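Every read-out reported here was derived from the displayed coordinates using simple, explicitly stated rules and does not represent laboratory data. Predicted model only: the values in this text are computed from it and were never measured. Ideal geometry is used to build each Cβ from the backbone, glycine not excepted, and the neighbour counts take in all protein chains shown.
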Amino acid sequence: MIDSMVLYYHKDKSGCFLTHDGRKKYLKIFETRMWQESKDGYTGRTLNVRRHIEKQVGLIKDVMTGKIEVYEPYKIPE
């Protein structure tokens, strides 16, 4: 998701940095993306990207604590 959005940057010898305009564009695209909704394949509920990420973090935690055995990632439609 982030790779598809980071297109506006300035490169110099010490690294790559977003320009002021690039940063504004990135944050606008990022916020728009975070509010996009899609259906959860397991529950059928419609969630925005932020909620999908929160759910995935919870699933990873459940695998790490032994609550569930297998983590199944959710691919957010493009």
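For segment 66-71, take each phi angle, set θ = phi - 60°, evaluate the Karplus expression 6.51 cos²θ - 1.76 cosθ + 1.60, and give the result in whole Hz per residue in order, putting x for glycine and proline.
x, 5, 10, 8, 10, 8
Give me the distance in nm between label points sitting 7 Å out from Cα along the Cα-to-Cβ direction at residue 25 and residue 74, one decimal.
3.0 nm
From the backbone phi of segment 16-28, what are the Karplus-calculated ³J(HN,Hα) couplings (6.51 cos²θ - 1.76 cosθ + 1.60, θ = phi - 60°) in whole Hz, Gly and Pro given as x?
Values per residue, Gly and Pro as x: 10, 10, 6, 6, 4, 5, x, 5, 4, 5, 4, 5, 5 Hz.
Sequence-distant or interchain residues sharing an amide H contact under 5 Å with residue 68, placed H: which?
Counting only residues 5 or more places away or on other chains, the set is 63.
What pairs in 28/67; 25/75; 24/61 have C-alpha atoms more than 26 Å from each other? Display every interim value, and only then the final one.
Values: 28/67 37 Å; 25/75 24 Å; 24/61 33 Å.
Cα-Cα > 26 Å for 28/67; 24/61; rest within.
Could you pull out every residue, at least 5 positions away or on a different chain, whose amide H is within less than 5 Å of the one on residue 40? Hs are placed 1.01 Å off N in the peptide plane, and Pro or chain starts have none.
Placed amide hydrogens put 45, 46, 47 under 5 Å from residue 40.
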